[in-house]
Each structure stands twice: as C-alpha cells, then as structure tokens.
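A short write-up of the structure that comes next.
The values are calculated or read from the model by the stated rules, or taken from the named source; none is laboratory data. Note that the structure is a prediction, hence the values are computed from the model and not measured. For neighbour counting, all protein chains shown are included, and Cβ atoms are generated from backbone atoms with ideal geometry for every residue, glycine included. Accessible surface is based on the protein model in full, side chains and every heavy atom, while ligands, DNA and RNA are left aside. Shrake-Rupley method; radii C 1.70, N 1.55, O 1.52, S 1.80 Å.
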Amino acid sequence: MSHPILETRDLSVRFGGHVAVDRISCTFRTGELTAIVGPNGAGKTTYFNLISGQIAASAGSVVLNGRNITRMPVAQRTHLGIGRAFQLTNLFPNLNVLENVRLVIQSKAGRGFNMLSMASDHDDLTMPAEEIVERVRLTGHAHQPVSELSHGNQRKLEVALLIALDPLVYMFDEPTAGMSVDEAPVVLDLIAELKARKDRTILLVEHKMDVIRTLADRIIVLHNGALAADGEPAEVMASDVVRDAYMGRELEDG
Amino acid sequence: MTSSPDHLPTMARSSLSDRLAPYGPILILVLLVVFGFLAIPSMSSWLTLTVSGLAMGMMIFIMASGLTLVFGLMDVINFGHGAFVSVGAFVGVSFLLLLQHMTGAPSLLLNLTALLVAIIGAMLATGIMGWAFERVIVKPVYGAHLKQILVTMGGLIVVEQLIIVLWGPEEIYITRPEALKGAITFAGAALEKYRLVAVGIGLVIFLLMRWILRHTKIGLIVRAGVENGEMVEALGYRLRLVFVGVFMAGSALAGLGGVLWGLYQEVITAHMGNEVMILIFIVVIIGGLGSVEGCFIGALLVGLLQNYVAFLEPKVALISNIGLMVAILMWRPMGMIPVVKAK
Amino acid sequence: MLTKLLSGDTPRSPVLAVLLIGILVCLALAPFLFPGVRSVDTAARICIFIVLVASYDLMLGYGGIVSFAHTMFFGIGAYGVALACTHLGRGFDALLVGSVAGALVAATLAFVIGLFSLRVRAIFFAMITLAVASAVAVLVSQLSAITGGEDGLNYRIPRELTPAFKFADGQILGARLNGKLLNYYLIFGSTLLIFLLLLRIVHSPFGRVLQAIRENDFRAEAIGYRVVYYRVAVTCISAAAAALAGSLYAIWLRYVGPDTTLSLEIMIDVLLMVVIGGMGTMYGAVIGATIFVLAQNYLQALMSVASDALTGLPVLPELISADRWLLWLGVLFILSVYFFPTGIVGRLRQRRR
Amino acid sequence: DIKIAHIYGKTGPLEAYAKQSHDGLMLGLEYATDGTMEIDGEKIVVIEKDTQLKPENGKVLLAEAYGDDEVDLAIGPVSSGVALAMLPVAQEYEKLLIVEPAVADSITGSNWNRYIFRTARNSSQDAVANAIALAGEDVNIATLAQDYAFGRDGVAAFKEALEGTGTNIVHEEYVPTDTTDFTAAAERIFNAMKDVEGEKKLFVIWAGGGNPMGKIQAMEPSRFGVELATGGNILAAMASYKDFPGMEGATYYYYENPNNDVNDWLVETHQERFGSPPDFFTAGGMSAGIAIVEAIKKAGGTDTEDLIAAMEGMEWETPKGTMKFRAEDHQAMQSMYHFKIRVDPDVEWAIPDLVRELTIDDLPIPIRNK
Amino acid sequence: MADPILTLSGVKTNIAQYHILQGVDLDVPRGQVTMLLGRNGVGKTTTLRSVIGLWRAHEGTILFDGEDITRRPTPAIARMGIGFVPEDMGIFSDLTVEENMTLAAVSGPVDSARLDWLFSVFPPLKTFWKGYAGTLSGGQKQMLCIARAMIEERKLYLIDEPTKGLAPAIISTMARALRELKAQGASILLVEQNFAVARALGDGAAVMDDGRIIWAGAMRELATDKDLQERLMGLSLEAS
Ligand SMILES: Nc1ncnc2c1ncn2[C@@H]1O[C@H](COP(=O)(O)OP(=O)(O)OP(=O)(O)O)[C@@H](O)[C@H]1O
Ligand SMILES: Nc1ncnc2c1ncn2[C@@H]1O[C@H](COP(=O)(O)OP(=O)(O)OP(=O)(O)O)[C@@H](O)[C@H]1O
Ligand SMILES: [Mg+2]
Ligand SMILES: [Mg+2]
C-alpha cells in the first residue's frame, strides 16, 4: 500500500443538537479498499457527504493529496478526484441511459461551457460512454429514459456514472442494495477490477458481510457518529463492537 | 426481548441562537413596533399608525391565507387567487346593496348581520367557484408549477371578464355600513371602526386555521399527498376529495377577503383582486410557503412597515415591501417559517 | 449543411416542418405577401417575439429557471436604443451603441441577480425576479426626466429606416420601396440570426449540461458541474438576447414606454407563448409567438364577425362581442395548456412516434 | 365618403370611459348633421379601433387608419400614454388627430405637432379651475397626489394658478400610485396642518382606482378642522362623494350644470337612448363630434391643410357651451364648473350643484408648446 | 388448504406501450408468508402495484378476500385491509416521523401498545420521532416505511424489498417482526433479493421471469433444491 491520498481530521457535523459525525480522523491510501460498516444511522452516508462536499462540516478538515478541500464546493472536489455514487438512486430521470453517462464524460473533459459546437459532434465523448454502458450490461436500455428502468437497473447506472467519472477516490454507498442475486456480481466484479488496478482508492459502504469479506482490505466501523473500530477485516469482524452493535444475532431459519 | 443494538445518537447542547431561532419572526415584529415607537415623534401618530397597520395586515392576511393554504399544502401556485377576491367582493357587495335597509340603519347589530350575510354569500359563491376551478382548470396540472401559473392566469382573465359581463364594466362605488363609518378617537389617535372589525375577523380565521391544521389529519394528508400522492392513496385516503376540499376552502377564504377588502376600498372593480396579488405573494413568500403562522406574521409586518415607512419617508414606501421581502429571504431563504424543511 | 445550420435539430415531424417553412416564407416575404401597415407590423412583432420567447425558453425550458424579470431585460434593450437615439442623435451609430449597451447592461444585471439569488429555491428566485422587475418599473416611472416616465419616449431613428426614405420609385406587389421595408428586413434578418445562434447554444455541450441541471441539479453538481455558474451563464445569455429583442422592438416602434416593454402582462404573454409552442423546444418559440401575436391582433376582428352573425340571441352576443376578446384569450390559455401539455411542437413530434 | 377613425381603449380597465366617449362622439356627429350623418351629401363613416390601452397598438392602429383605411382624420384615445405614442404618427402621415379625452398637458405642450388638436380639457384647465374654486384669503391648502409625473405636474399647475390669490400651500404629500392605505399620508398631513390657523383644506388629485377620499374621511379630519376637496368625476364615482356634503371643487362636466341647447338635446337624447343621463366623458365625445362636422363644413372638404386653417381659432357650440381651438397650441378653450356638493337621498350620486361657471375668460391657461 | 387471501389470474399490465406483465397467476395463501423472487426488471414491483391498483391490470382478475378488486380505486383497496411498502419507500420526507406514522393510522389515533412494539423493533424511530423523515439515514427511512405499514393490523401486507440497505442486526429483528405479524394472522407477499432472508421467512415462494410466474411452490423445496435454483434463476443462491 502506497502513500495516503485522503485524510479526514477530527471531522464532525451537527444537525441542531444531534452530532451525526463525531470527530472522525482517518487516512485512506491509494490502492486500498476500505469498507465502512455500522448500524443504520451511524453516520456512514453523512461521512461520505462531508468528504464529497454535499454537507458542510461543523468542525475538522478533509485533506486530499495534501490539499485542504474542506471548504470547496462539490463540483471542484469532483474535478480534484473525489467521486461518489449515491445510496438512494439519484440520476437524470428524463434523459436516456447513454446521455447520463455522456454527461459525466463531458464534465471530465471540461467541455461544459462549449456553446458553439454541436454536442452530437463530439464522438470522443459518445464512444467511451457507450463502452461503459456496455460494461454494466445496460446496452439494451441505452436509449431508454432512466425513469423507465427497473430499480435494479437504475442502481447499475448509478455505478456506471461513477466509473465514467473515474476519480482518484471512489465512494460507493451500498452499490448492490436492491440488486438481484445474479445481477449484483456485475457490479462487484467492476469494483474488484478497480481494486486490481491498484491506482485508485475505494471506500465502500456495505451491509452485506459476504461482499465485505471478499473485497475489503480494511474495515472501519462507525457507531453513533464516531469511529468505533479500524483494522484488518478478520480482526474487526470478530471484535465485540461489531458483534454487539452491528451484526446482532444471525438469522435463524423459521 | 429483541436483539436490536442500542443506538443513542450523541447529543450536544444547542446554543442560544438555536433555541431563539423559532421565535425570530415574532421578535422581528416586536422590534419593528419598538422601532416605530422610537422613530415616530408623536405618540398619537404612532398609535394610529400601529393599529391601522396591524389591521391592514389582518386584511391582507385574510386574503393571503387561502393562497398560502393552497400554495403550501397543495403546491399549487394559484395566480387566479385574485379572481376569487374580486368575485367575493362583487357577490358580497351585491348582497349588501340588496340589504341596504340593514346597512343604512345606524344599528351595529343590523349592520353586522348584513355583513355576515354578505360574507357567507360570498364564501359560498367563491367556494363553489373554487370547486369548478379545481375540476376544470387546476386538476390537470398538479405538480407542474409553470403550467399552473399559466392556467390559473387564464382562469383569472376569464373570471374577470365574466364579472364584467355580469356586473358591467363600471366600477361600483359603495359605502360602509353606517355603524362602521368613522373612527373611535383614543388618546388623540383615530382608530377606524371598520379596521377593528377586520382585526376581529382576521384573528378568528387565524386561530381556526391553526386549529384545523394542527388537530386534524387534513393538513398531513395534503402535504403528504403533494409529495407522493400514490402513497397516500395506497394508505387508503381519497386524496382527490381532500384536494378539492382544500382548494374550496382556500377559495372561500379569498372570497371572504374580497368582501372585507371591497368594503375597505369602497370601490370594487373586476381587477381589484389581481391588483393586490403582488402584495399577497410577498406576504406568502416571506412567511414561508404554506405556513399559516408565517403568513400571519408576514402580513402584519407588511402592514406595519408600510405605515411606518410611508410616515417617515414616503419615497421609500415605493419599495418597502420589496425591500422587506429581499431582506427576509436573505436572512431565511425559505421564508420566515418554512413548512417544507427536508429535501 | 442545412442540418448543420439548424444544429441538427430537424423538425422531426412533417406537419411541424410544413408549419415552420410556412412561417419562414410568410415572414420572409411579409411586406410583399401582405402589404398593409397592420400586417407588416404584425409580422415584425412576430419576429421580435420569436427572439424574446426563444431567449426565455433558453432559460426556462433548458435551464429550468423561472424568472419574471424577462421583460425587464427586454425593456432595458428597448430603452437603450431609445436613450441612445435621444441623446446621440439620429444615426446608425446610435442604434448600435444603444443595442450593445442595452445587451451589456442586461447581462450585467442578470449576472448580479443570478449570483445573489440563483442559490435559493426556484420559486423564490421567481419571486425575487418579480420584485426586481417591479422595482425597475418603479424606477423608470420615477426617473421621468430621463425615461419619460409613464408617457415613454418618442425619438427619431435614421431616415433610411423610416417611410420617408424612398430608395426606389413605385411598388412591388403593393409594397412601397421605402425605409420601412428596410427596417422590416433589418428586424427579420436579426431575428433569423439570433434564433439560429440560440438553437446552436441549446444543442451544444453547454445545452446538455443545462438539461442535466434542470433534471437534477444536485447530481449535476456531483458529477462536476458548478450549477451556479451554468445558471448564471444561461441567465446572462438569455438576458442579453432579450435585450436585443427589445432593441429591435424600439427600432421598429420608434417609441418606448413602460407599458410597451416592461409590463408584467408582456411577461405572461411570453410565458404563454413558450408553453403553447412547447417548452424546451426552440421551435416552440416560433410557433407560440406566431399564433399568439396573430390571436392578439386578429381575435377581436374575428369575434366581431362572429358576434354580428349572432345578434338577436340572448347573452351569446354579449359573450362573443369583440370587447370580450380577452375572455376568449383566457379560454385559449386554458385549452392550450390542457390539450397541448407538451406544447404544439411536443404534440406534433409525439404523434410521430 | 368621409372616413373617420375612432381609436381608443375599448377594452381594459378604462372600458367604461371608452364607451361614454364613443357614445358622445356618435351623438355629436348626429347632432351636428341633424341626424343625416352626412356633410354636404358625403356620408360619414366611423371606423372603430381598439388600442387595448397599449401605446404600441395605438401607434400601429393610427398608422393603419391613415395608411390603409385612408381615413380623413382620427379621434382618440382614452389614455395619455397611448396618445403620446400616437402623436408622431399624425405628423408622419400629415393628417389630423383630434385628442379626446386624454388630458396630459404635454399633448398640446412639449410633444405637440401641428396636426394635433384637442377637444378634451388638459390637466392645467383642471388645476386652474380647482384653484379658482378653492382659493381665498386666509385659506390653507395641503395637496395629496400620486408620486409620478402626472401627479407632480398636476400639483405644480395647481400651485401656479394659486399664486397671487393669497392662498397658502402648507404641505404637499405624494404617495406611490398603488397606495391603498392612506393612514400614514393622512397623519403627515394632519401633523402639518394641525397648528395652522384659518380655513384648512386638503386638495386631492387622484387618477385611477384606490380613491383616498373616503379613507381619509374615515380618520375624521374634522378633528383638526381640515376639509377635503377634489374635482369632479364620473357619476358612479360621485356616489362616494355623498360622504362630503358641502365640499367644493371644480368639474369638467355634470349634466345639470351647463345651460344651453346642445346640452339640453344631449341630456334628453341620452335619457331616451340609454335610460341614463350623459356622463363625464359623453360630453367630450360629443364636443369632438360636433367639432369635426363644423370644421369640415368650414373647410369645405377634408384636405388636411384646409382643415387646420379652418380649425385654428374656430369657435363652435358644444354641450359645454362655446369652445374655441386656440391657434397657438390647438387646445380647446372651454368652461369649467365650480361646484358644491349636495346630497339627495333619492339620487344615487352626490350632486355637484353649480356655484359658478368658470368661462374661458376666467381661466388663464398657459401655452406650453413653445 | 383454505382459500387464498389473494388470487391473481391471468393478470396482464401494460405501462405506456410496454407489456410488462404477461399473464401472472399467483395465489397468496392465508396466514402465510409468500416470497416473490426473480431477476431485476422481471415485473415483481409491477405485480405488487397492480394489486394495490396503482397500475391497472388490463386483463385478468385480482381477487382479495373473495372480492374482485381489479377495477377498484386504490384507496378502496387499501381500506379493505392491505398494507403496502413500496420499493422506493414512499416516505413523506417533508413530514416528521411522527406525522408519517399518524397518517398511516387510517382508522383513528395511533395505538400506543402497537407503537411501543414497533419502537422495540425499530429503535431509531423513537429517537427521531420529531425529526423530519427526509433527514433520516437510508436504513432508517426503510424502517420507517415498514413500520408505517404495520401501524395498524392489516389482512395482507405487500412488501417490496424491505431489507435493502438494512444492517444485519436490523434485518434479523425485522424478520422477527414479520414473523410476529404472521403469528397475529396476517398474510404477507414479500419481494426479496436477500435469499437468506427469503429462506428464513418464506412459507411459499413464486419465481418470476419475463412478466410471468415460472415456478411456484414451497420455499423449503426451492431452498434445498440447487438444481431448481440454477434452472430458475441462473445461478446457485447458496453461494451468497
Ligand atoms: N414507468 C415505466 N415505464 C416504462 N417501463 C417501465 C416503467 N417502470 C418499469 N418499467 C419496466 O417494467 C419492467 C418491470 O419492472 P419492475 O419494476 O416491475 O421490475 P422488478 O422485478 O421489480 O425489478 P427490480 O428487482 O429491479 O426492482 C422493467 O423492465 C422496467 O424497465
Ligand atoms: N440533513 C440532516 N438533518 C438532520 N439529521 C440528519 C441529516 N442527515 C443525516 N442526519 C442524521 O444523521 C444520522 C446519520 O445518518 P447517515 O445517513 O449518515 O446514516 P448511515 O450510517 O448512512 O445509515 P444507513 O446505513 O441507514 O444508510 C441519522 O440519524 C440521520 O437522522
Ligand atoms: Mg447511508
Ligand atoms: Mg422492483
């Protein structure tokens, strides 16, 4: 594992009196896949929001590549290399699948303010978009508006947008929730592929233990907004915090 | 026993400003009155201006309350609201003209009875009109703001023209019922009698609306229905019925406002409702869409500020309302008491 | 080549294509096809409103920004030309200076308003623009020494653009060959140019971003577009285009006044034109403006014919009397939104699928 | 045929005025031609055009009337803003425009051109007449007007007319045009007047709706000895004057005030046709109609230059007595009526009893088109 | 077995011009938990929505408790005793948790004993009782949505992917809650992607593909027969 790329220092946020993220200090390295677990409402999504900028921190800082980005707007963080897929699907519902992906690639290419050329002339944007749609197996739906996709397929597109953005730091928030058992592997394989590239940092919020077991290099546990554990998967999974606060009893057959 | 993990979120003490925040609007109102007191040299002028400002605010509130109800609960921007104000005024005034023997008599009781009849007539008429309006005009455009603006604008034009067809193009001049003319002088200040009646009616409406919204499910159903109508139906509520009902109530309130406003102006025209719309919108916006309390305080603020400013520096009165709106939106971008918080 | 000119946005419906070509031909040859003061004036107004409506559609239909200040920008352009003509004297330089200054002022003002208030929720932005627009109207009325107040300004434009200038004798197909004709073609040419430019903007990568922002601004930000910048940019462009439309109007009318360029009524007309034509389809502006301006000018005449035919019946003639034309315009308002929820263009294109 | 265009705001907020004006015009033509609607055997044809109160429409409709319909002259419009936009068109086509009933001074003032005549009164005539009606030694006047050019000009003309009459202007109050609550304005006025000695009057110049009179009266100005005063209005509006018995002012027309044959005919015919007495703007319309017929007769045709020559200095009979087009600015000089309000419960409106007819000679109206 | 509480026969549903359901036949037995399984996009959600009347079946009939509800309006269907948990959760984010729950109690005020039971299953609801539903975490929203459907006793619950996004601990308590519901006599039709949950809860199961039910039977049978799983869903579920 190489140098740290992303770091949060005493990062906190309050909503009214409620401290949703409580002084989290943590470092993430390039090539590493960190799974973030914790009970519902522990602050995982909020932690993500703080890193990617959707929410302003009450205290503490976020440092990317040695640069303090705590006060930067979302779009600028995106250009610096923070990419995010959302827990609740969040797409452009009346645009078609391909256009959704194309927009991401156009953003990356920095052509948003190009006003005098025709968008359809930019083949160099369209082709990679088609390729990514293919990779998440949505080619058949490429020209369908997103609002007509089933839930599972919308989840796949959500992931596709992040892949199209190809940031330095990938943040997945429960990417496979609501995906059927035979479709989920498509996404998991993509994540595994990314991990194999070794030049990207991946943060993954997931509730499915089997996924974590196979993918994670490291697990951090959030509880009540605070960092409760951090370490090797096996070690963390066995710890009391996780057992008590998170796993509960195993499901018994009825 | 269940095995749910105990999850107790960490709580921090909320600061003074956090705890004061909900009272902000009221504080502003109080501050404004105090400011008026300090800035206006003559005590009697201050009293006159304050009371009449509050009364003016109350009349604006009555006209605006229907809009904020429909706007906030149903998310319908009704540019045709002004038409209901006009219709209310015309129907109400027609009743009053019929009951001239009662309004002309110098008896407060007879006068108020006539006024009550006029109000009920106007509210019935505008309520029914609201039903038709909802059915024909608004129903197809729920959820589409822009189309609502246009369609209701079209409705406004049609209603105004129908008023002209029915009542003729001339302005109708009227005088207030005999016992409501003139003023009561108190400590050198003149408090118009009519305005005092308006204050009474306004307060009753305010309290009634508050009670209904807080203690019945109607408010919930409508607010939820706007966000996700399918789900409300799937819970078992006949949403359409509730929507129609709320729209009718909003319209009837506009009609009531119209009667009061018409009697205040002492002249009614088909366009009178539309002429107060900008003021009404300002009140609804600064109050926070859909908040009856906000609308109430906002209306009082507008009424007071207008009077103070017009007294102290008439030139500034040209833009005092707009200035107030911009200032409030800078302070709270969603209005003073936003109903819609989450996003 | 043609598709390139249209930025790839072909009508995609035979009926629409016929309509658009029809309108283009009629406008291009209006002075010869319909000679007559009123009809040429109507054609010129259609042109000017096409620009105005298209610029509004850019902001509304593509940017998803509801503004009530569009006529303010329109008015700024108009007053720009009027003031330049009043103070710089009669000449083409005055027209140019006035138009450019108007567009710049409009864009700057849009920039300031946008920067301050595009962060708030859409409906609030709409209300703020409404407030600013009415404040500007008050200002114009108050500064009557400069603006002429409620009475407006009459001024003189270059002689070459007025009926007094005859560049050739005689008539062609009933059209007098005078400066008015030149004036008309100045308007028509500018309209065509600005419209094609707007069409291009809409289909550029920039246009796509606007669409994305309209759909989901939150996500647009998250994939790296600074939403505020784009919104401000589109507001500025749209304001400048509206100001140009205003300048054209001022050149055509040789008069400006608050009712003519600043009133909320025009704002509503513009909204309606956008919606009748079809939001988010530039061609909607053409269709919407044409139909609406025609209705505004000729509905009354049509109704008086109908009403004369019905004399003797009860109530009906009263309802159809030419004086009640507004009533029917209102009904038209409602019906058009009812039956063309996606506008005429949307409807025509849909039928084809 | 003799073609005349009547271009006016038939629809919109001033619809009621428009109708009166048009009825008056038609009655005037009828009266002046003895019911034949012909002048020297030529039929008079009136074309109506609706400006919808929009200046730009006024412009193009007038151009259409001159250019396409080839009318001999045009009349209108109701609103001053529209009139001002139309003036240059008359000059461009070199044809006559008779302005009726728009009142702005600048129509026969700074924006005038030689093709413009006006039968309507101008604001100065209103202001001067009111000044004469209110003036007196030891009279103190406060004014209330709308805060825009029209209101300020009106007050300025009023003040000018009061100069040298010994009347004091104590206070000038201007409020936004759309004001509905007059409490603050009234307080300011009361504060300014309460310590003044002598007769105290508040003169109100107000155009459009939101009439402040009743609202100020409700605040009981009599506490400070202040009386309200204002000019005349249409009958419907005069209903609200019932709260002001004894109020004095000057009006442009009330059907019982003038005493002449034309007016008698008008009142009788109007009652017969419409079941109501003629109103404020009916008289003006009729004056314009008669003026046209007289001018064409005098000029012997409809040539514009002949008409101008005939009309400059022309005197003719109207429901308001003899009017005269002043040669310098083509403004019709005419009588105004000083009134005092009387309330009769059987009449729907308050009656402005005639105190004195202010004739052309009584009214020194400045010439402002130079 | 006794008559089923819900019977779909030959239900075909179109959305716009797409034929989504192509003839669904399905029985939901009384007092049992029936699992509806299948790949993404085969029409599971559409089936549930057709039952509650949010989308209309163009052909076929839907019988609930012996009555034909195919053409009834949604509120009427709901009031016959059906609780519905939609896939997108359908929480009212502008309402507080309390208001969401109050609204869901259609027939009167909230029963406090039942509420306490729900609090014990989903503790965060109690913590955030006065908070706006829109500010809840993803999993908390999911809890609210399920609790909302359970606030009153219903004869049949239609639940679309309830465990999506829930932490394992919550999943197991929720499973308990569903079992308790069943013990109270309710019937449940459950769409589920988490096979462990499906196996633990389901009495019966139906597998969909391409807008049709391609297999229906006892859950136990499906859970133990790997070949069957392979054939129906194209992979072995045991792996997960
Ligand atoms: N509004 C719509 N318009 C057109 N097609 C739609 C619409 N909604 C859903 N579909 C299509 O209907 C099919 C079935 O959708 P449905 O949501 O019922 O699937 P599902 O089985 O619930 O899938 P998932 O497990 O992903 O939720 C899908 O192919 C989807 O693309
Ligand atoms: N905007 C907000 N306002 C108030 N409270 C908030 C807001 N956003 C989040 N919270 C609260 O912060 C806590 C943490 O929420 P968060 O979404 O981060 O949880 P999570 O760990 O992602 O849970 P899950 O696994 O259920 O998605 C929750 O209790 C939630 O109610
Ligand atoms: Mg989360
Ligand atoms: Mg589904």
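Numbers at a glance
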item: Odd one out for C:V138 among (1) assigned to a helix (DSSP H, G or I); (2) within 22 Å of the chain's Cα centre (by Cα); result: (2)
item: Whichever residue in the range B:154-163 is open to solvent by less than 20 Å² (accessible area, probe 1.4 Å) and at the interface with another protein chain (Cβ under 7 Å from one of its Cβ atoms) and, among such residues, is farthest from the chain's Cα centre (by Cα); result: B:Q161
item: Flag if D:A5 is crowded, with 18+ Cβ neighbours inside 10 Å, in contact with a strand residue (DSSP E or B) (Cβ under 7 Å, 6 or more places away or on another chain), under 25 Å from D:F274 (Cβ atoms) and small (G, A, S); result: yes
item: Residue in the range B:47-70 that is nearest to the other protein chains (Cβ to nearest Cβ), counting only those that are crowded, with 24+ Cβ neighbours inside 10 Å and not aliphatic (A, V, I, L, M); result: B:S52
item: Filter result for C:R208 (in a helix (DSSP H, G or I), touching a residue at least 40 places away in the same chain (Cβ under 8 Å) and over 21 Å from C:A44 (Cβ atoms)); result: no
item: Residue match in the range A:32-39 (condition: β-branched (V, I, T), away from ligand 1 (no atom under 16 Å from the Cβ), at negative phi and touching a His at 6+ places or on another chain (Cβ under 8 Å)); result: yes
item: Hits in the range E:180-204 - residues which are in contact with a Lys or Arg (Cβ under 8 Å, 6 or more places away or on another chain), over 15 Å from E:P4 (Cβ atoms) and among the hydrophobic types (A, V, I, L, M, F, W, C); result: E:V191, E:L201
item: Selection count where residues are assigned to a helix (DSSP H, G or I), within 19 Å of B:Q161 (Cβ to Cβ) and open to solvent by less than 10 Å² (accessible area, probe 1.4 Å), scope the range D:17-52; result: 1
item: Scan of the range D:72-103 for residues that are of a type in the set (G, A, S) and open to solvent by 10 Å² or more (accessible area, probe 1.4 Å), ordered by number; result: D:S79, D:S80, D:G81
item: Counted residues, the range E:101-146 - those being facing chain B (nearest Cβ under 8 Å), farther than 17 Å from A:F15 by Cα and surrounded by 19 or more Cβ atoms within 10 Å (Cβ to Cβ); result: 5
item: For E:A149: the one exception among (1) under 30 Å from A:K208 (Cβ atoms); (2) open to solvent by 40 Å² or more (accessible area, probe 1.4 Å); (3) facing chain B (nearest Cβ under 10 Å); (4) more than 16 Å from ligand 3 (Cβ to nearest atom); result: (2)
item: Among (1) more than 9 Å from chain C (Cβ to nearest Cβ); (2) at pLDDT below 85 - the single one A:L116 does not satisfy; result: (1)
item: Total residues in the range D:122-137, condition touching an Asp or Glu at 6+ places or on another chain (Cβ under 7 Å), assigned to a helix (DSSP H, G or I) and either within 16 Å of D:Y253 (Cβ to Cβ) or open to solvent by 10 Å² or more (accessible area, probe 1.4 Å) (or both); result: 3
item: Test: E:G53 is away from ligand 2 (no atom under 16 Å from the Cβ), small (G, A, S), more than 9 Å from chain A (Cβ to nearest Cβ) and within 27 Å of E:E230 (Cβ to Cβ); result: no
item: Looking only at the range D:299-315, and only at residues there that are over 17 Å from D:D1 (Cβ atoms) and in contact with a strand residue (DSSP E or B) (Cβ under 9 Å, 6 or more places away or on another chain), the one that is surrounded by the most Cβ atoms within 10 Å (Cβ to Cβ); result: D:M311
item: D:A239 vs. criteria open to solvent by 10 Å² or more (accessible area, probe 1.4 Å), in contact with a strand residue (DSSP E or B) (Cβ under 9 Å, 6 or more places away or on another chain) and in a helix (DSSP H, G or I); result: yes
item: Some residue of the range C:147-166 being under 18 Å from C:V234 (Cβ atoms), modelled with pLDDT of 80 or more and facing another protein chain (nearest Cβ under 9 Å); result: no
item: So D:T143, is it within 14 Å of chain B (Cβ to nearest Cβ) and open to solvent by less than 10 Å² (accessible area, probe 1.4 Å); result: yes
item: Residues being of a type outside the set (S, T, Y), open to solvent by less than 10 Å² (accessible area, probe 1.4 Å), assigned to a loop (DSSP other than H, G, I, E, B) and within 16 Å of ligand 1 (Cβ to nearest atom) - total across the range A:175-211; result: 3
item: Boolean, A:R23 is touching a residue at least 60 places away in the same chain (Cβ under 8 Å) and under 27 Å from A:V211 (Cα atoms); result: no
item: Filtered residues of the range D:164-196 (kept if surrounded by fewer than 19 Cβ atoms within 10 Å (Cβ to Cβ), modelled with pLDDT under 85 and within 25 Å of the chain's Cα centre (by Cα)); result: D:T165, D:D178
item: Qualifying residue in the range A:124-145 (condition: open to solvent by less than 10 Å² (accessible area, probe 1.4 Å), part of a loop (DSSP other than H, G, I, E, B), more than 16 Å from ligand 3 (Cβ to nearest atom) and at pLDDT 90 or above); result: no
item: Residues that are away from ligand 3 (no atom under 12 Å from the Cβ), within 10 Å of another protein chain (Cβ to nearest Cβ) and over 13 Å from the mean Cα position of the chain (by Cα), drawn from the range E:152-167; result: E:E152
item: Unmet criterion (only one of (1) open to solvent by 40 Å² or more (accessible area, probe 1.4 Å); (2) free of Cβ contacts under 8 Å to residues at least 60 places away in the same chain; (3) more than 14 Å from chain A (Cβ to nearest Cβ)) for C:N178; result: (1)
item: Residue list for the range E:29-72, filter: more than 10 Å from ligand 1 (Cβ to nearest atom) and among the β-branched types (V, I, T); result: E:V33, E:T34, E:V51, E:I52, E:T61, E:I62, E:I69, E:T70
item: When residues of the range A:1-31 are limited to those that are small (G, A, S) and closer than 24 Å to E:Q142 by Cβ, the one nearest to ligand 1 (Cβ to nearest atom); result: A:A20
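Yes or no, residue by residue, for (1) at pLDDT below 90; (2) within 13 Å of another protein chain (Cβ to nearest Cβ); (3) under 11 Å from the mean Cα position of the chain (by Cα):
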{"residue": "B:G245", "(1), (2), (3)": "no, no, no"}
{"residue": "B:M248", "(1), (2), (3)": "no, no, no"}
{"residue": "B:A254", "(1), (2), (3)": "no, no, yes"}
{"residue": "B:L260", "(1), (2), (3)": "no, yes, no"}
{"residue": "B:E266", "(1), (2), (3)": "yes, yes, no"}
{"residue": "B:T269", "(1), (2), (3)": "yes, yes, no"}
{"residue": "B:M272", "(1), (2), (3)": "yes, yes, no"}
{"residue": "B:M277", "(1), (2), (3)": "yes, yes, yes"}
{"residue": "B:I282", "(1), (2), (3)": "yes, yes, yes"}
